[in-house]
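Asker: Before anything else, here's the structure in question.
The values are calculated or read from the model by the stated rules, or taken from the named source; none is laboratory data. Everything quoted here is computed from the prediction, not taken from an experiment. Please note: Cβ atoms are built from the backbone with ideal geometry, for glycine as well, and neighbour counts cover all protein chains shown.
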C-alpha cells in the first residue's frame, strides 16, 4: 500500500478527528503525523476488518490516549479567532453557545460523548463509528440521537 497516497487521502480526516477529541491544533498535528508514521511501520498488520480510514482513526485515538497518559494534566483549548463577518453580538452568542455545548458534551457519559464527537467534529459516518465500537450502524445512530437529545435538554434547562 502506498503510504504517500494514504497520507494525501486521509490526512485531513485523521487531523479533524484528533482535533475533535483533543481540542488542540498542535496536539492534533503531532498525533496525526505520528499516526501516519506508525501506519507506515505497521501497514502489514492492517487486516482489512474495517476501512483504512477507520483503522487510521483508531491508531490516532490510541496514540492520543497514550499521549494523555504520559501527560499528567489536561490543557485547555486555546481561544479561537472570532469570525470577522459576524457582528460582535452574534459572535458573543455563538461563543457562549459553543462553550455551553462543549461543557455539556464533556459532562456526557460514554459512549454518548465519543459518538457525538466522532460524528459532529470527526465527520465519521455512522457505519464508521459502528466499526470503531464493533457495534451495528443502528446502535451508532441511536447513540448519536440520544446524545443530541441530552445536549438539547441540558441547553433548554440551562
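Asker: Show the residue pairs that are 6+ apart or on different chains and have beta-carbon atoms under 8 Å apart, the first residue being within region 90-115 and closer than 14 Å to residue 149 by Cα, the second being outside any helix (DSSP H, G or I) and modelled with pLDDT under 85.
Answerer: 104/158
Asker: Please go through region 34-53 and pick out each residue that is exposed (fewer than 15 other Cβ atoms within 10 Å of the Cβ) and assigned to a helix (DSSP H, G or I).
Answerer: Listed by number, the residues that qualify are 37, 40, 41, 42, 43, 44, 45.
Asker: Starting from residues that are exposed (fewer than 15 other Cβ atoms within 10 Å of the Cβ) and part of a helix (DSSP H, G or I), keep the ones in region 134-147 and report whichever is farthest from the chain's Cα centre (by Cα).
Answerer: 138
Asker: Okay, next question. Restricting attention to region 101-113, does a residue exist that is modelled with pLDDT of 85 or more and at positive phi?
Answerer: no
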